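The values are calculated or read from the model by the stated rules, or taken from the named source; none is laboratory data. Because the structure is a prediction, the values reported are computed rather than measured. Cβ: placed from backbone, ideal geometry, glycine included. Neighbour counts: every protein chain shown.
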Amino acid sequence: MSKPAMVERDLLVFSIWAVLGLGGLALLLEGFSRDSYLVSLAGTAALVAAFVAHMVVNAVFDCGFRPGEAALGISAFGALALAFIGGWAVGGLSPADYLSGLTLLATLAFGLPAYLATRYGLRGAFSRFHVRHADDGKPAA
Amino acid sequence: MTGIAYSIWLPLFALLYGAVMLYWVRVAANEAAAGDGFFSASHALAPWISALVIAGASMSGWFVLAGSQQIAAQGFQMPALIVGGVLLALPGTLFFKRLWFVAERMRVSSQAEVFRVYYHSPFLVAASVAVALLFAIGFAGLQIRAISEFAELMTGGAVSRLTASVVLGFLLFAGTGIGGMRAIGYFGVVQTVLAFAAIVVLSGFAVIWSGGFAALNSGLLQLSATEGSAGLFSVSGVIRFTAGLGRGGELVEANTALANLSFAFALMGFQASPLVLKLVFSTRSPNGIAAGQTWVTAGFFGAIIAFCIALTGAAGLANEDLGLAGILGSLQSNSPWFAAWIFIGVAAGVQLLAGLALFAAGEGLIRHIYRPYFNSRLSKRGAITLTRIAIAVLAVVAMVMENLTPVTLSALAALALPMAFQLWTPLLGVTWLSWITRPAAVTGVGFGFAGVLLTEPLGYQVLSFFGLELPWGRWPWTIHSALWGMAANVAAVLIISAITNRDALGAEAREVRKLFSGRLAVSDKARTLTSIAWSVTLAWFFLAVGPGLIFGNAAFVATGEAGPVWLLGMPSIWAWSLAGWICGVGLIWFLSYKMEMASPAHVAIPPYEPPLRLTRDKTAQEQERLRTLVLTGAIGFVLAVLLAFSFGG
């Protein structure tokens, strides 16, 4: 990908997350704050929309997630999971919060294989994790 | 949640915003290090980036800060505001395409340079730089002051207005001074979408807290029935022959149809300013102009103004607690994450405009004034360094004025749009009206500036300081200074063009004329539509922002048993303006595509090769010029002091 194209792709990604990502985060927090599952669900939907839009941009520019983006995404997922477990451990979660958190984490956890499947196909997605050894598939000497 | 948990969101979002900004500054600086392009992004910005950033800068935060508050305070007496998207897009439709080709042919990258190569006029160059300075210090400074006040409000005074304006000033310098035009273009995209999201979410809260759209309008209807409030929902006549605000003219009676029309002209100054043209000239192709002006600026952002800004203002009108400050204050107490997001979005819009203005002003001072007239041996790297210094100095000046001299700042801000509108005549001379001669353009702008100054507070306060009391105040006859200036401007242009030699063009101007009559000539099909274009444009102006607004007062009102009924469930004049906006988008589409004013053109334009001339050492001449300037300044200052001492109060 040429440098100008990469800049344009990055601009679109930043813009998507500035609107849908921050909006989703604000809705999630609003949902947790008001104990409203529906508002949290809207936040989760916004985050999913951001992921989908990000993937559409990737497809348009014929590229995948950049290493930095993947690292940031996984870290954010880890931080969210940790905060959820922490909240559950100290008993600070209401039933609506609990359901909201589970929905978010489940959606995000489902998102990774779904992304890999759409990008590489089911078999290709499996191959991303299945490391073949050098002697695999070779006839015995 | 605890108080700390609530107060953490604004700094957190601000930190994130700063980090993203620095990232894009770094990207821009790295690209600049590879080649050049500090001043023009190497003319390589993608058309969609320019379209979006132009729309964002055109609307920026000032429609939220000023527009919604004006509706909240004065109601729908200025419906020209609601069709602002169309008014902002119109000059770009008219000028951008042709100016882009002029810049491409002449290899220039700013409005001042276009004036220099076409008219060979130092006055027009200085006028362009002066307008950029007004935007940088006055117009943007006033908005930074407003946003700093909101920062103080939202942090409960923990962050003072002064601190907020210093931080914003630093961010401005970091964004524009280091990264240059590329950083403005790149980060401008993020700023624009942030601003757009903030305005939509803000209006969403305004509507929800008003109890929904129907409840909001029922509140407005109730308000219109109270004594003395009916005027908030109508345009008060075509014109009033008052002496102007401050001289017996009352603000409540000032919002006539002609006030709307002349205010519309002021809005049309923005895209004729050197700020927006910087973006246009930094674009790699003109093929996105039509789509950008029609669908992004007039369509999408026009809709945001017509609906979201109007809704936010209407909520404040129906319930004082739902003014901008009220909504942000309540959000900060109940949903600080939304408050932070909205605040950062509005601040991003303001920063986009302020950064662009600072950049255009800094570049103008160094590249268009200092370098060509006082130090032609200044290297390119030296010019960049000096421009960065100029930007820093201007940011500091603006910051100081925001905090110490808000009245002067406000007076300067009021000049920016009407003065930018006066640049229409020289721009028309370059692009469409080849009969406008150099002396006519120069005199026209001079008269236009004088007309604006004499009908704005800065002008009559300065004259009053010297002992000359004008018999009129601000906007006499309820006509905005933009129109007073343009009346003087057009009169001078017509008279002087008629009596001066129209063929006395420079070689570059002849090249431009050749370009427009050759490769870029308007097709026969478009020519046949000229009379229709004039008719629909004039009709639109008459009905949407002119005297025809009077029809809008009662167009959608019926008389019921219990009093007037709004047929569309909203104030008649608001509905009229929405219709005006929809028709306006059609008008922009027609002018852009059918009249080919901004339509894509796939024409290769080779750079103009000027005839070879012997280069002379201008050092002595430049030193003499500098000496003259200093002497003139000193004599002028002494004379001013003497005059003020003799006649001033």
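Looking at A:V60, A:V56, can you tell me which residue is more than 14 Å from chain B (Cβ to nearest Cβ), over 12 Å from the mean Cα position of the chain (by Cα) and without any contact (Cβ under 8 Å) to a residue 60 or more places away in the chain? From the options A:V60, A:V56, the qualifying one is A:V56. Residues that are in contact with a Gly (Cβ under 7 Å, 6 or more places away or on another chain) and surrounded by fewer than 20 Cβ atoms within 10 Å (Cβ to Cβ) do not occur anywhere in segment B:513-534. Exactly one residue out of A:G68, A:G31, A:G21, A:G86 is in a helix (DSSP H, G or I), within 12 Å of another protein chain (Cβ to nearest Cβ), modelled with pLDDT under 95 and exposed (fewer than 13 other Cβ atoms within 10 Å of the Cβ): that is A:G68.
Only one of the listed residues (B:G157, B:G175, B:G211) is more than 14 Å from chain A (Cβ to nearest Cβ), at pLDDT below 95 and within 23 Å of B:N30 (Cβ to Cβ). That residue is B:G175. Here A:M1 fulfils each of the conditions (1) at the interface with chain B (Cβ under 8 Å from one of its Cβ atoms); (2) part of a loop (DSSP other than H, G, I, E, B); (3) not acidic (D, E) apart from (1).
Among helices (runs of 4 or more DSSP H) entirely within segment B:327-427, having at least 2 residues that are touching a Phe, Trp or Tyr at 6+ places or on another chain (Cβ under 7 Å) singles out B:336-363, B:380-404, B:406-421. Please tell me if B:V114 is within 26 Å of B:T192 (Cβ to Cβ), touching a residue at least 24 places away in the same chain (Cβ under 8 Å) and assigned to a helix (DSSP H, G or I). Against the criterion (within 26 Å of B:T192 (Cβ to Cβ), touching a residue at least 24 places away in the same chain (Cβ under 8 Å) and assigned to a helix (DSSP H, G or I)), B:V114 qualifies. Just wondering, is there one or more residues in segment B:54-69 that are in contact with a helix residue (DSSP H, G or I) (Cβ under 9 Å, 6 or more places away or on another chain), assigned to a helix (DSSP H, G or I) and within 13 Å of another protein chain (Cβ to nearest Cβ)? Yes, segment B:54-69 contains at least one residue that is in contact with a helix residue (DSSP H, G or I) (Cβ under 9 Å, 6 or more places away or on another chain), assigned to a helix (DSSP H, G or I) and within 13 Å of another protein chain (Cβ to nearest Cβ).
For segment A:71-106, a residue qualifies if it is aromatic (F, W, Y) and either within 18 Å of A:A49 (Cα to Cα) or under 13 Å from the mean Cα position of the chain (by Cα) (or both), and exactly one does: A:F77. Quick check: is even one residue across segment B:75-98 basic (K, R), touching a helix residue (DSSP H, G or I) at 6+ places or on another chain (Cβ under 9 Å) and farther than 30 Å from B:E596 by Cα? Looking for residues that are basic (K, R), touching a helix residue (DSSP H, G or I) at 6+ places or on another chain (Cβ under 9 Å) and farther than 30 Å from B:E596 by Cα, one finds none in segment B:75-98, hence no.
Would it be correct to say that B:F551 is touching a residue at least 60 places away in the same chain (Cβ under 8 Å) and either farther than 24 Å from B:F115 by Cβ or surrounded by 17 or more Cβ atoms within 10 Å (Cβ to Cβ) (or both)? In short, no. Exactly one residue out of B:V350, B:V393, B:V407 is within 22 Å of B:S273 (Cβ to Cβ) and free of Cβ contacts under 8 Å to residues at least 60 places away in the same chain, and it is B:V393. Could you list, in sequence order, the residues of segment B:555-566 that are surrounded by fewer than 17 Cβ atoms within 10 Å (Cβ to Cβ) and either under 22 Å from B:G85 (Cβ atoms) or modelled with pLDDT of 90 or more (or both)? The answer is B:A555, and nothing else.
If I filter segment B:440-453 for residues that are hydroxyl-bearing (S, T, Y) and within 28 Å of B:G237 (Cβ to Cβ), do I get at least one hit? No: segment B:440-453 contains no residue that is hydroxyl-bearing (S, T, Y) and within 28 Å of B:G237 (Cβ to Cβ).
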